[in-house]
1. Consider region 96-149. How many of its residues are within 16 Å of the chain's Cα centre (by Cα), small (Gly, Ala, Ser) and farther than 18 Å from ASN55 by Cβ?
2. From the set of residues in region 16-67 that are β-branched (Val, Ile, Thr), farther than 28 Å from LYS180 by Cα and surrounded by fewer than 19 Cβ atoms within 10 Å (Cβ to Cβ), which is modelled with the lowest pLDDT?
3. Within region 142-171, how many residues turn out to be of a type in the set (Val, Ile, Thr) and in contact with a Leu (Cβ under 9 Å, 6 or more places away or on another chain)?
4. Could you tell me whether ASP175 is at pLDDT below 95 and either closer than 14 Å to ASN71 by Cα or more than 11 Å from the chain's Cα centre (by Cα) (or both)?
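The values are calculated or read from the model by the stated rules, or taken from the named source; none is laboratory data. Remember, it's a predicted structure, so these values are computed and weren't measured experimentally. Virtual Cβ from ideal backbone geometry, glycine too; neighbours counted across all protein chains shown.
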Amino acid sequence: MKKLFFTVAAVAFSTATLFAQLSVGAKAGVNLSNVNGDVEDTDMKVGFHVGGYVNVAFSDALSLQPELLFNSVGYKYTDMDGLDEADVTTNLNYISIPVSLMYSFGPANIHVGPQLGFLMSAKTKSDVDELDGEDVKDGLKSTDLGFNVGAGVNFGKLNATARYTIGLSNIADDDDFDVKNGVIQLSLGYKLFGGE
């Protein structure tokens, strides 16, 4: 699956550069994330993302946009510490590579495409010492495959986007559990150079 993802992305990008107009930009924003599947009573966690993008325009309407992002996602839950409840946040940090096919109409656009994430760290945060700072990376898979659906708008060199990342792969290392990421991503971007 990963080989296919990289092959399609590489062929699309190399072909696009021969016929297309390039622009390069930076982006950052807020992540509202949670997990779905064999988990109960988890709550949304607020995180962030920061990185860059290359937009490869085939025409005024159609473009391909690969991105490289540092993505902080995760979830919150309540654990029992003895007889007391303890609030725990699980922070999952990924290097993510979304590749979006973008259709523009005027200043607005819609975009869809796959995203591959590489898990960099996974730790808990809690006001209870026994649950704070626990490294949970060994219980998770090192990669995460998702699919993005989103929309955006351009204001000159500035752009704003909103997207939802649907988790396609199980992030739990134990195959008896099915746990998938789900992320709402709100971004502001700035075109550094290229394009019109």
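1. Going through region 96-149 one residue at a time, the tally reaches 5.
2. First pass over region 16-67, keeping only residues β-branched (Val, Ile, Thr): 17, 24, 30, 35, 39, 42, 46, 50, 54, 56.
Among the residues that remain, those that are also farther than 28 Å from LYS180 by Cα are: 17, 24, 56.
Cutting the leftovers down to surrounded by fewer than 19 Cβ atoms within 10 Å (Cβ to Cβ) gives us 17, 24.
On the way: THR17: 55, VAL24: 97.
The selected residue is THR17.
3. The initial filter retains those residues of region 142-171 that are of a type in the set (Val, Ile, Thr), namely 143, 149, 153, 161, 165-166, 171.
Filter once more, keeping what is in contact with a Leu (Cβ under 9 Å, 6 or more places away or on another chain): 143, 161, 171.
The qualifying residues number 3.
4. Yes; evaluated as a whole, the condition is true for this residue.
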